[in-house]
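K.L.:
Here it is, the structure in full.
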Amino acid sequence: MQKRVLFLLPASALLALASCHQNNKQGDEIPVFNKDSLGQHIQVLASDSFGGRKPFSAGEAKTVAYMQNSFTRLGLEPGNGNSYLQDVPMVLITPDADAVMKVQSPKGKFDLKKTDDFVLSTENTDSIISLNNDELVFAGYGVVAPEYNWNDYAGMDVKGKVVLVLVNDPGFGTADTAIFRGKTMTYYGRWTYKFEEAARQGAKACLIIHNTEAASYPFSVVQNSWGSSNLFLDRRGSGDKHCALQGWVSADAAKKLLAAAGKDSSLIVSANQHGFKAVSLGERLSLTVKVKSVYNISHNVIAKITGSKRPDEYLIYTAHWDHLGIGKPDEKGDSIYNGAIDNASGSAALLEIARAFKSLSTPPERTVIFLSVTAEEQGLLGSAWYAQHPIYPVSKTAANINMDGINALDSTHDVIVVGAGQNELEEYIAEAAKTQNRYIAPEAHPEAGSYYRSDHFNFAKVGIPALDCSSGIDVVGKGKDFGKQQKDDYTKNRYHRPSDQWDTTWTFNGGLRDMQLLFMVGKRIANESTWPQWKTGSEFKAIRDKSLAVVSK
Ligand SMILES: [Zn+2]
């Protein structure tokens, strides 16, 4: 408790920072963000005493208190009634599957081996889950996409059955830009979608066939992150549907399954064609999984500035506060995963942008929400909970701007918009970037589906236009090769390692400018009477149209 006070800025410093504004050519008031203030937050949040900010650890209590006290000091109102907290109930599920899955096929019996051939996970908290000679159906990409007139489940009832599906989407499979979005992954390509759709179809289990190129990571990544303990939202009483079991099979195991059913790779190729029909493989699967479940509650921190003209319309800034906690030591013996960039930096930026909005001479017209979410690292859980249990109506929420990692290094000429082509926030950011003499650059790997991998995505999923962008690689005065090297160095030497810790050489020249950009976009959204829209062809447009239609009725 004493320590926290040490790190907080005195009131006089707050006043000094509050007056740090400049006006741009259009006469707009733009704040000048301050490295010392940003850096102070990061040093506290990423200090060893916060223990890597893992949900449910002592680090959670410190982090949540720090965020809440900072919001209070800045003069923000509590965002959840009288409270700055939103409870996020979760459950840690540990499945223990049989060592083999028994397969009964038209060509005889065989076993698939756990870990080598398949991995399984469950969101089901029953103590025993089993497959008992359950029928296996190949359902292509497992996609139902009305905007592409595509339904892999058409004419096939998979209730109570096990579905086997391909990763990615038919656009990737054909590399034809006329099919889905070609190589750019749509949400239909993500594994999370496959499980959600299989559940909607009433399937008992869903197995995804792994493919390194289509998944954008090798089977070893799947083996490492599946089959052990996983955190999920506590969905007791929600009526949410999910498959009893969900998992992956290796490419070799899939080949075995197809061959034993008398099929070959032509079946997989046929899934790329419009009008593909799911087929039963005439195989039956058996296995038992013992399940342990432990319930616990983590917290989102939420604060707001009430709008002056349209208080019942909202803009939400988000950044996740959590990181990986204490884990496997690195070569230096350091076991604290401080997460200075990921995401103490985004949390610090959230506080500094809140400060900037609070100190505007004219308050924002719409209500601006600052939401610091938990358990991003465990599967975007805090943001998912908020999106499913919104404190403010989804249909009245104009947009979400997410921050996950702020550029601690040099400024860049380019800004990367993740998920280009999704919504009009892309134009908002392009216009704001122009005022900084910067340009928008495309993502390097659109097939990886990065748009579906951070917290903003949970807002997109319920129809709220969401923005995810980052510094580019075109470093001012040093060029693209240098910038790419810097990014690669972070990925290789710091990302999700104990070495992601405070570095005295950080200038934040890039990050401070990026924050200014995100502030400009947010200020425009907060003060305009119109709403940013999803673009035609976006898989989230229909969801938004539906939620707005319900409100206007
Ligand atoms: Zn991370």
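K.L.:
For helix 58-73, report the angle its Cα long axis makes with the longest principal axis of the Cα atoms of the chain; keep it between 0 and 90° and round to the nearest 10°.
P.N.:
Its long axis makes an angle of about 40 degrees.
K.L.:
Right, next: For Lys487, Lys546, Lys277, give the ranking by accessible area with the largest first, probe 1.4 Å.
P.N.:
Lys546, Lys277, Lys487
K.L.:
Next question, about the same structure. Multiplying the sequence separation of Glu331 and Thr362 by 0.36 nm and subtracting their Cα-Cα distance, what value in nm do you get? Numbers along the way, then the final one.
P.N.:
Values: separation 31, 0.36 × 31 = 11.16 nm, distance 5.20 nm.
Gain in length upon complete extension: 6.0 nm.
K.L.:
Another question about this same structure. For region 305-421, give the share of DSSP beta bridges that are antiparallel, in percent and rounded to the nearest 5; count only bridges with both residues there.
P.N.:
Looking only at bridges with both residues in region 305-421, the antiparallel portion is about 20 percent.
K.L.:
Also: Semi-axes of the equivalent ellipsoid of region 458-511: what are they in whole Å, largest first, if each equals the square root of 5 times a C-alpha gyration tensor eigenvalue? Please report the intermediate quantities before stating the final value.
P.N.:
Details: eigenvalues 134, 59, 27 Å².
Listed largest to smallest, the semi-axes of region 458-511 are 26, 17, 12 Å.
K.L.:
Okay, next question. Evaluate 2.2 N^0.38 Å with N set to the residue count of region 328-388, then give the Cα radius of gyration divided by it.
P.N.:
Region 328-388 yields a ratio of 1.55.
K.L.:
So for the chain: antiparallel DSSP bridges make up what percent, rounded to the nearest 5?
P.N.:
Percentage antiparallel, nearest 5: 65.
K.L.:
Taking a point 7 angstrom from the Cα of Ser529 along the C-beta vector, which residues in region 386-428 have backbone N less than 12 Å away?
P.N.:
Within reach of a label on Ser529, which here means backbone N under 12 Å from a point 7 Å along Cα→Cβ, region 386-428 contributes nothing.
K.L.:
Residue separation times 0.36 nm, minus the C-alpha to C-alpha distance between Lys478 and Asn69: what's the value?
P.N.:
Contour length minus Cα-Cα distance gives 143.3 nm.
K.L.:
Note the full-extension length gain between Ser225 and Ala430 as 0.36 nm times their separation in residues minus their Cα-Cα distance, in nm to one decimal.
P.N.:
Numbers: separation 205, 0.36 × 205 = 73.80 nm, distance 3.67 nm.
So the chain would gain 70.1 nm between Ser225 and Ala430.
K.L.:
Give the angle, between 0 and 90 degrees and rounded to the nearest 10, that separates the Cα long axis of helix 479-493 from the longest principal axis of the Cα atoms of the chain.
P.N.:
Here the helix axis deviates by roughly 70 degrees.
K.L.:
Turning to a different aspect of this structure: Can you run phi through the Karplus equation (6.51, -1.76, 1.60; θ = phi - 60°) for region 412-421 and list ³J(HN,Hα) in whole Hz, with x for Gly and Pro?
P.N.:
My calculation for region 412-421 gives 10, 6, 9, 10, 9, 9, 7, x, 4, x Hz in order.
K.L.:
How many Å² of accessible area per residue for region 196-267, probe 1.4 Å?
P.N.:
That works out to 44 Å² for each residue.
K.L.:
Counting other Cβ atoms within 10 Å of each Cβ, which trypsin sites (Lys or Arg not before Pro) in region 81-139 have at most 15 and sit in a DSSP loop? Display every interim value, and only then the final one.
P.N.:
Details: sites: Lys102, Lys107, Lys109, Lys113, Lys114; in loops: Lys107.
Loop-located and lightly packed - Lys107.
K.L.:
Where the centroid of each part is defined by its Cα atoms, how far is region 484-536 from region 98-148 in Å?
P.N.:
Each part reduced to its Cα centre gives a spacing of 40 Å.
K.L.:
What ³J(HN,Hα) values, in whole Hz, does the Karplus curve 6.51 cos²θ - 1.76 cosθ + 1.60 give for region 332-346 when θ = phi - 60°, with x put for Gly and Pro?
P.N.:
8, x, 7, 10, 9, 8, 5, x, 5, 6, 9, 9, 4, 5, x
K.L.:
May I ask for the equivalent-ellipsoid semi-axes of region 430-537, computed as the square root of five times each C-alpha gyration tensor eigenvalue and listed largest first in whole Å?
P.N.:
Result for region 430-537: semi-axes of 27, 19, 15 Å.
K.L.:
Next question. Just to confirm a number: summing +1 for Lys and Arg and -1 for Asp and Glu over residues other than Met156 whose beta-carbon lies under 13 angstrom from that of Met156, what do you get?
P.N.:
In short, -1.
K.L.:
Follow-up. Using only DSSP helix segments of four residues or longer, with each worth -39500 (n - 2.57), what per-residue ellipticity at 222 nm results for the chain after dividing by its residue count and rounding to 500?
P.N.:
About -9000 deg cm²/dmol.
K.L.:
If you average over every viewing direction, what projected area does the convex hull of the Cα atoms of the chain give, in nm²?
P.N.:
25.8 nm²
K.L.:
Cα centroid distance between region 396-442 and region 174-188, in Å?
P.N.:
After rounding, the separation between the Cα centres reads 23 Å.
K.L.:
Tell me which residues come under 5 Å, amide H to amide H, from Ala466 once H is placed; ignore anything under 5 positions away on its chain.
P.N.:
Here Asn400 satisfy the definition.
K.L.:
Stokes-Einstein at 10 °C, 1.306 mPa s, Kirkwood radius from Cα pairs: D for region 208-285 in µm² s⁻¹?
P.N.:
Details: Rh = 15.3 Å.
Rounded to a whole number, D works out at 104 µm²/s.
K.L.:
With each label point set 7 Å from Cα along the Cα-Cβ vector, what nm distance links Ile128 and Ala259?
P.N.:
3.5 nm
K.L.:
Under a 5 Å amide H to amide H cut-off, with H placed in plane at 1.01 Å, what residues pair with Ile208 once short-range neighbours are removed?
P.N.:
Hits under the 5 Å cutoff: Val165, Gly247, Trp248, Val249.
K.L.:
For region 349-485, build the convex hull from the C-alpha positions and give me its volume per residue in Å³.
P.N.:
With only Cα atoms used, region 349-485 gives 135 Å³ per residue.
K.L.:
Compute the angle between helix 509-527 and the longest alpha-carbon principal axis of the chain, please, reported from 0 to 90 degrees and rounded to the nearest 10.
P.N.:
With both axes taken from Cα atoms, the answer is about 90 degrees.
K.L.:
Restricting the count to DSSP beta bridges whose residues both fall in region 56-177, what percent are antiparallel, rounded to a multiple of 5?
P.N.:
70 percent
The values are calculated or read from the model by the stated rules, or taken from the named source; none is laboratory data. Just so it is clear, the structure is predicted and the values come from calculations on it, not from any experiment. Neighbour counts run over all protein chains shown; Cβ positions are idealised from the backbone, glycine included. Ligands, DNA and RNA are stripped out before the accessible areas are found, and what is left, the full protein with its side chains, is counted by its heavy atoms. Shrake-Rupley method; radii C 1.70, N 1.55, O 1.52, S 1.80 Å.
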